[in-house]
Structure formats: structure tokens, C-alpha cells
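Trainee: Let me give you the structure first, and then I'll get to my questions.
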Amino acid sequence: MPEVLKDHPPAVPTLAVDPFGEEFLSDPYRWHGSLREAGPLFWLEKYGIYGSAQHEPVSRALQDHRTFCSGRGAGLADFAKEEPWRPPSLLLEVDPPLHDRTRGLMNKVVSLGAIKKLQPIWRAKAEALVEELVTRRSFDAVTELAEVFPMLIFPDTVGLPLEGRENLLVYGAAVFNAFGPRNAIYAAGAAAAQEATIWVNHACRRENLDAYGWGMQVFHAADEGECSEEEAERLIRSLLSAGLDTTVNGIGNLLYALALYPDQWALLRSDPQAYRRKAYEESLRWDSTVQTFFRTTTCDAEFYGHKIPEGSKMLLFLAAANRDPRRWDRPDDFDIRRLASGHVAFGFGIHQCLGQMVARMEADVLLEAMIPRIRAISLAGPPERRLNNSLHALAALPVEIIPA
Ligand code: OVM
């Protein structure tokens, strides 16, 4: 009998916590410690799925796209068993070889060269916006800055119609809610999302895009035979799905960190060249906009001594991995001096964020505009959260500034 017990594989720890419940989502970092402490792999009984929250196993799963695939959906729904709520993304929700063709094509559109060409325009818009806010002394860093700045540049970059752009944030929120369960948070945004979906699908059509934006570049790839017309529309849809709510909250979380840690703002101002880029990278590690993504096992897999059956959903806690004390010292501290690289806020492996250089450039020009104009930033009231099944999002962030 003892021999039998000895050879038995270790049981996967079972957790009762609901990672999509309002208690969890209103303060995810309070729960992450217990997830990481459960071990490299755990079972979430409420949903009948596996989960992982330490940095090493999360990175390993993201890297092993053959075992942990995306083609069955990057959310809770298994596309092999359930109809997706919208036609699957041709980037996020596909596997190689299709993924490599679409990603290769999009890499050429969303290239560093294309972004650098736009940098002067983005910089000028950042300067004008910050200039105006600085004269106000107090403002809402989410509704008047984080939500405003990406809207000033990104829709133009894609070449979208002017009318109806307000649908983009509604759509983004709905897309990220839809990766989770069909809970109350999802339901709250679903009605508004219907109208936004219609607008987004319309905006992705060739005849509605301007001649110079990234959208039309995707159609040029279609003209070259790299994808079909229908695929081009759906690839542009990815820009609209992933390109706005992410950067809005990335900037919101960055500003929140800087307001909470005045010494870090002072340090950043003391040597902008050294710290500007590091500050954004550290804010992504410290508070990851995209908190979670799913994968699905393509075969019976072995993971840290556990057997995972084929067709299992695995929830990867990116934000928890980014605060794993096994990987970073004092992980809960926002410290722009540290080496934040290796964080998985942009994912890891073949699906790693297509728009990461856009996100970095947006944050960079914004900080460039803020640093010479703002001596100090502080909270002028409690921040308000906007609950989302996969994003850590702010609804409001009242701040006060002292001009330089
Ligand atoms: C897409 C998509 C949507 C949401 C997120 C994302 C973070 C991609 O439609 O391709 O990546």
C-alpha cells in the first residue's frame, strides 16, 4: 500500500475562489498571493479549469503554444465546444500556421518604422493636451487624460471614420469582458456592445478607411495576395479590439503609480533619459492592464509533475506572475530603477503583443510632455475602479499637480 501512495501523482490543489467575481476583480492583488502559494498549477472548481499564477509556469505555458493553444479561444469558452460570440480573431485566437501568416503581415503594418514616422504628431498632441491640463492644476487623470490621449492619436493612425469613434472604448471593454464567464459584469456591457460591434464591423471595411492609415495598409496586403478581403477586415478589427482599452488603462495605471509614489516621479524627473522607458515598463509589471488570458491543452500534458488532460482550459494570471516574489524583490513596490523586463503584461512567445511598441511610444511621448511641465503629482481623491473580466481598469483618478 505505501508504494502505491508513493507513486501516485500529487493532487492538484483545488481553490474555491472566483477570479471573475466582483470581490476578486475589485482588488485582484489581494488574492494573487494565495494563488501563487497554491503552487505552479491549481484547479478552480467554480469553473472546472486549471490556473497558474507564478512567473515561471505562466511564462512556460505562454511559450509552449503547441501544448497550450489559442485556437480554441483565449477566454473561458472552448471554441471546440461552443460557438464564439464573434468570428475568432485571426491573431489572438488562431494557431500556426495561420497565425504566422496573419502575424507576419500585421508586423509589417505595425512596424517600428511606421510608429517612428508618427512620433512627431503624437508628441505634439501630447504636449498640447498636457499643457492644457497643467493650467487646470486638478483634473481627472483617467477621463481627461488616459481616455483622451489614445483617442487623439490611435483612430487617426488606423484611418477610421470620424463619426462614432466613441464606440471604440465600449467595444474594447466588451471584448475583454467576453474572455470571462457570462456573469453580471459581462451582462452590464453587453447591450451597449451590440451597437458598438455594428460600428466596429462597419469601420473595418475598405470603403470606410482613409487612404493613409494602417487599416488601408492591411488592404494593400490583401491586394498583394497576402490575405483575403474578409481576413483584412477581421485583422483591422483586432487593432480596434486590442488597441484602445489596453493603452487607456496602461496610461491610467502608469499615472496612478506615479501619483502614489512621489519619490518615483522625482527620480524620473531627475534623469528622464535613464528612467522614462523604464517607468512605463515597471508600471506594466506593477499593474498589468490585461490581468489574465486562457489557453487550451491540445494533448494530455505534463506540467510540473501534474497530468493535464487534452482539452483543458488553463487560466494564466499574468498580473500575478508579474508580482511573483520568486522573480522580483519587493514585487508590490513600484520602483522604476529595477529591471522590469521579463514581465508578461504583453504576453510571451508567438502571441506576444503586436501593439507593444505603440503602447510604449504613447506612454513615452506623454511622459516626455509631462516631465518638464509637472513638478509633482498627487491623488486628490480616491480612484474609482471600472470592473472588467480581464482588464484592471480605472473609471476615475482625481489628481492635483504642481506645475514645474
Ligand atoms: C483581437 C484581440 C482582442 C483583444 C485582445 C487582443 C490582447 C487581441 O481581436 O485580436 O490581444
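The values are calculated or read from the model by the stated rules, or taken from the named source; none is laboratory data. Everything numeric in this text was worked out from a predicted model, so none of it was measured. Ideal geometry is used to build each Cβ from the backbone, glycine not excepted, and the neighbour counts take in all protein chains shown.
Trainee: Could you tell me whether Leu25 is outside any loop (DSSP other than H, G, I, E, B), of a type in the set (A, V, I, L, M) and either under 17 Å from Asp324 (Cα atoms) or at pLDDT 95 or above (or both)?
Mentor: When the stated conditions are applied, Leu25 passes them.
Trainee: Let me ask you something else. Is it the case, given these coordinates, that Arg234 is more than 16 Å from the ligand (Cβ to nearest atom) and under 22 Å from the mean Cα position of the chain (by Cα)?
Mentor: Working: more than 16 Å from the ligand (Cβ to nearest atom): no; under 22 Å from the mean Cα position of the chain (by Cα): yes.
No: the conditions fail for Arg234.
Trainee: Oh, and also: Only one of these is charged (D, E, K, R) and within 20 Å of Leu152 (Cβ to Cβ): Asp263, Asp271, Asp245. Name it.
Mentor: Values: Asp263 fails: within 20 Å of Leu152 (Cβ to Cβ); Asp271 fails: within 20 Å of Leu152 (Cβ to Cβ).
Exactly one residue qualifies, and that residue is Asp245.
Trainee: Read through the list (1) of a type in the set (A, V, I, L, M, F, W, C); (2) away from the ligand (no atom under 13 Å from the Cβ); (3) in contact with a Leu (Cβ under 8 Å, 6 or more places away or on another chain), then give the number of the only condition that Ala257 fails.
Mentor: (3)
Trainee: Anything in segment 213-234 that is part of a loop (DSSP other than H, G, I, E, B), touching a residue at least 12 places away in the same chain (Cβ under 8 Å) and over 19 Å from Leu168 (Cβ atoms)? List them, or say none.
Mentor: Within segment 213-234, Glu226, Cys227 meet the criteria.
Trainee: With respect to the numbered conditions (1) closer than 20 Å to Leu387 by Cβ; (2) away from the ligand (no atom under 16 Å from the Cβ), which one is the sole condition not fulfilled by Thr289?
Mentor: For Thr289, the exception is condition (2).
Trainee: Something else about it: May I ask you to say which residue of Arg182, Arg237, Arg205 is under 18 Å from Gly355 (Cβ atoms) and of a type in the set (Lys, Arg)? Spell out how you get there, then give the answer.
Mentor: Details: Arg182 fails: under 18 Å from Gly355 (Cβ atoms); Arg205 fails: under 18 Å from Gly355 (Cβ atoms).
Result: Arg237 is the single residue among Arg182, Arg237, Arg205 that is under 18 Å from Gly355 (Cβ atoms) and of a type in the set (Lys, Arg).
Trainee: Let me ask you something else. Search segment 123-139 for residues that are closer than 12 Å to Leu367 by Cα and pair each with any residue that is modelled with pLDDT of 95 or more and of a type in the set (D, E, K, R) when their beta-carbon atoms are under 8 Å apart and the residues are at least 6 apart or on different chains.
Mentor: Close Cβ pairs (under 8 Å, with a partner that is modelled with pLDDT of 95 or more and of a type in the set (D, E, K, R)) amount to Arg123/Glu368; Ala126/Glu368; Val130/Arg373.
Trainee: A follow-up question, please. Within 16 Å of the ligand (Cβ to nearest atom) and either touching a residue at least 40 places away in the same chain (Cβ under 8 Å) or surrounded by fewer than 22 Cβ atoms within 10 Å (Cβ to Cβ) (or both), is that true of Val365? So that I can check it myself, show each step before the final result.
Mentor: Working: within 16 Å of the ligand (Cβ to nearest atom): no; either touching a residue at least 40 places away in the same chain (Cβ under 8 Å) or surrounded by fewer than 22 Cβ atoms within 10 Å (Cβ to Cβ) (or both): yes.
The answer is no for Val365.
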